[in-house]
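Only one structure is covered here, and it is reproduced in the block below.
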Ligand code: ARG
């Protein structure tokens with residue numbers, strides 16, 4: 001039997017075809033297919049209700065006609081039952097489950113199936129995007145790990161992904177940084193920890209301007225010189241950017257985060273006049289007290305709260321460069337979709353940016369790409385307030401990652417004291433970094449979450465250690481039996497799942513595509529996390545209920561087949577989320 005990767009999509013198509021056969025208005029009928037409560041089936045179509053209601057038809061009668069008109073191949077795939085006022089529940093047949101599970105025999109195969117989800121779409125994903133010369137702290141980690149996961153997932157699902165690190169490399173901070181560099185530099189401190197020293201210079205310059213008005217003038221003069229293209233200051237600006245980029249790169253390497261481009265704010269400097277001119281001539285921007293602003297009369301707040309796109313002193317700001325960025329991503333990258341990740345505090349900025357760009361592009365005959373501000377909540381300390389060190393400073397990311405590996409090392413040593421130390425260190429690094437990452441991904445990104453070492457490093461619950469451990473458990477089944485999970489001979493002759501635990505596990509496996517679809521359309525990795533957690537739970541129940549290595553070759557093969565696919569999907573999912581999986585722990 002041939003079954004497609006995305007069974008939900010296949011059923012959706014079948015229902016639309018059946019609607020045509022049954023003489024329904026196919027343009028008005030949406031099957032509204034979703035996953036069902038497992039007690040009722042695998043999928044449920046609710047669309048008959050609204051369709052029938054709008055036409056004053058009996059929904060159960062419509063549902064019956066629809067089910068009768070389903071193509072024969074669908075009847076092989078699942079059984080359909082009409083429930084309640086006219087829902088249709090579909091339960092995959094054991095034969096279809098076997099066919100699906102057998103077909104998904106490699107990452108390449110999964111990827112080929114998933115490619116239909118976003119095939120042909122070009123996404124620009126703007127993530128991480130820190131400001132030059134500032135330390136990365138715990139607040140930066142969320143955008144990095146969610147961004148990286150989103151990029152991997154979209155690419156896995158067929159999209160062409162362009163990753164852009166939109167560094168904040170042009171701004172008023174450079175007046176202080178350059179002045180500080182010229183007057184207060186400690187060269188050896190700079191050599192040993194550039195970001196630390198740059199941050200110290202910034203703070204010292206800031207303090208100096210507050211103490212002495214003459215210094216304030218000197219700082220301003222440095223900024224003006226930089227903006228006017230003074231060679232000495234431009235060279236210093238380049239130096240500062242390179243130093244800071246080097247420090248960022250170290251963390252990106254540690255967290256396995258990648259970019260195709262690092263087009264910072266400064267890249268857009270020469271592209272701003274066009275933005276001002278076009279927005280003014282389109283009648284969207286107006287002068288207000290010397291500044292150039294855009295209002296949105298139809299919006300409850302933005303009709304009075306201006307989007308300032310050029311400051312009254314003529315200088316560019318965050319909005320100016322972001323408008324130029326929208327244009328560049330649309331015209332140069334020919335993006336179908338743009339996603340920008342920042343925390344939720346920038347919601348207004350991006351709403352105004354999207355509204356303004358949409359109108360601007362409409363006036364100038366450009367296609368407006370789909371735009372998503374992928375916003376996220378804050379990470380809170382256990383006291384429910386923004387997470388800080390004891391002295392009240394933000395926690396540096398480097399320190400956080402090091403602490404994660406140290407804490408994981410203690411745990412791993414408790415669990416497996418006999419493993420060689422080098423291996424325990426390696427496991428600890430995967431578990432520690434994985435725990436930080438997974439904690440960020442497993443929460444709905446819109447919510448704040450409370451950071452707790454005990455919680456994220458726990459081997460119970462929806463955590464990285466739990467999932468990484470589940471992977472090693474499946475691996476150990478094969479290891480103990482002397483088998484290779486990718487070797488098809490171990491699973492040859494598998495029969496269709498039969499026992500309740502086998503069926504439940506196979507059904508869970510077959511909804512992997514649904515979790516990919518949810519995750520990539522909403523750009524919310526927690527859907528995939530929840531799925532993987534549930535899959536690992538289903539595996540645990542299966543493993544508690546059934547012996548895998550039994551004498552009967554058909555039963556052994558079908559159970560090994562389920563184990564092999566659990567392993568494949570768990571590992572694929574965790575890799576997409578950016579976790580490194582382990583053979584044992
Ligand atoms: N540098 C900004 C910040 O640290 C984030 C930039 C996000 N991207 C953008 N195109 N605005 O807040």
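Length gain on complete extension for the stretch residue 261 to residue 358, per 0.36 nm per residue less the alpha carbon to alpha carbon distance? Net length gain for the segment: 32.5 nm. Can you list the residues of the stretch 197-223 with backbone N under 12 Å from a point 7 Å past the Cα of residue 172, pointing along Cα to Cβ? Counting only backbone N, you get 220.
Would you mind telling me the antiparallel percentage of the DSSP bridges in the chain, rounded to 5? Antiparallel bridges make up about 50 percent of those DSSP assigns within the chain.
What is the calculated FRET efficiency for residue 489 to residue 107, with r their C-beta to C-beta distance and R₀ = 22 Å, to the nearest 0.05? Let's see the in-between values first.
Numbers: r = 20 Å, r/R0 = 0.89.
Step by step, r from the Cβ atoms, then E = 0.65.
Ranked by how many other Cβ atoms sit within 10 Å of their own Cβ, fewest first, the residues 21, 91, 321 fall in the order 21, 91, 321. Across all Cα pairs in the stretch 56-98, the calculated P(r) in 5 Å bins from zero up to the longest distance comes to 6, 23, 27, 21, 13, 7, 2, 1, 0 percent per bin. Derived value for the stretch 421-489: Kirkwood hydrodynamic radius 13.8 Å. Basis is the mean of 1/r over every pair of different alpha-carbon atoms. Full extension of the segment from residue 390 to residue 332, taken as 0.36 nm per residue of separation minus the current Cα-Cα distance, would add 16.2 nm. By other beta-carbon atoms within 10 Å, ranking 222, 64, 250 with the fewest at the front produces 250, 64, 222. Modelled label positions at residue 95 and residue 203, each set 7 Å beyond Cα in the direction of Cβ, lie 7.1 nm from each other.
Let me know the whole percent of all Cα-Cα pairs from the stretch 174-231 that are separated by more than 14 Å. Tail of P(r) above 14 Å: 52 percent of Cα pairs. For the chain, adding -39500 (n - 2.57) for each run of n ≥ 4 DSSP H residues and dividing by the number of residues yields -17500 deg cm²/dmol at 222 nm. By the count of other C-beta atoms within 10 Å, a proxy for reagent exposure, 509, 341 are ordered fewest to most as 509, 341. Put a dot 7 Å past the Cα of residue 318, heading toward its Cβ, do the same for residue 444, and the two dots end up 2.5 nm apart. Largest first, the extents of the alpha carbon coordinates of the stretch 128-188 on the three principal axes equal 52, 21, 20 Å. FRET efficiency for the pair residue 403 and residue 26, taken as 1/(1 + (r/R0)^6) with r the Cβ-Cβ distance and R0 = 60 Å, rounds to 0.55. Taking the three principal axes of the alpha carbon atoms in the stretch 1-141, the coordinate ranges are 67, 39, 32 Å, sorted in descending order. Measuring r between the beta carbons of residue 521 and residue 281 and using R0 = 51 Å, the FRET efficiency lands at 0.90. Under the simplified labelling scheme, the residue 534-residue 75 pair shows an inter-label distance of 3.0 nm, with each label point 7 Å from Cα along Cα→Cβ.
For the stretch 343-488, a/c is not less than 1.5, where a ≥ b ≥ c are the root eigenvalues of the C-alpha gyration tensor, and a/b does not top b/c. That puts it in the oblate class. For the chain, the longest principal axis of the Cα atoms and the long axis of helix 347-363 meet at an angle of about 90 degrees.
From the alpha carbon centroid of the stretch 96-130 to that of the stretch 504-555 is 16 Å. At q = 0.15, 0.22 Å⁻¹, what log₁₀ I(q)/I(0) does a Debye calculation on the Cα points of the stretch 30-107 give, no solvent, two decimals? Rounded to two decimals, the profile gives -0.55, -0.99. Quick one: grab the alpha carbon gyration tensor of the stretch 146-282, order the square roots of its eigenvalues as a ≥ b ≥ c, and give me rounded if a/c is under 1.5, else prolate or oblate depending on whether a/b is larger than b/c. It comes out oblate by the Cα gyration axes. Overall, the anisotropy analysis places the chain in the oblate class: the square-rooted eigenvalues a ≥ b ≥ c of its C-alpha gyration tensor yield a/c not less than 1.5, with a/b not exceeding b/c. Between residue 269 and residue 550, residue separation times 0.36 nm minus the direct Cα-Cα distance comes to 94.3 nm.
FYI, it's all coordinate maths here, none of it is from the lab. Owing to the predicted nature of the structure, the values given are computational and were not obtained by experimental measurement. Heads up, the Cβs are rebuilt from the backbone with ideal geometry, glycines too, and the neighbour counts pull from every protein chain shown.
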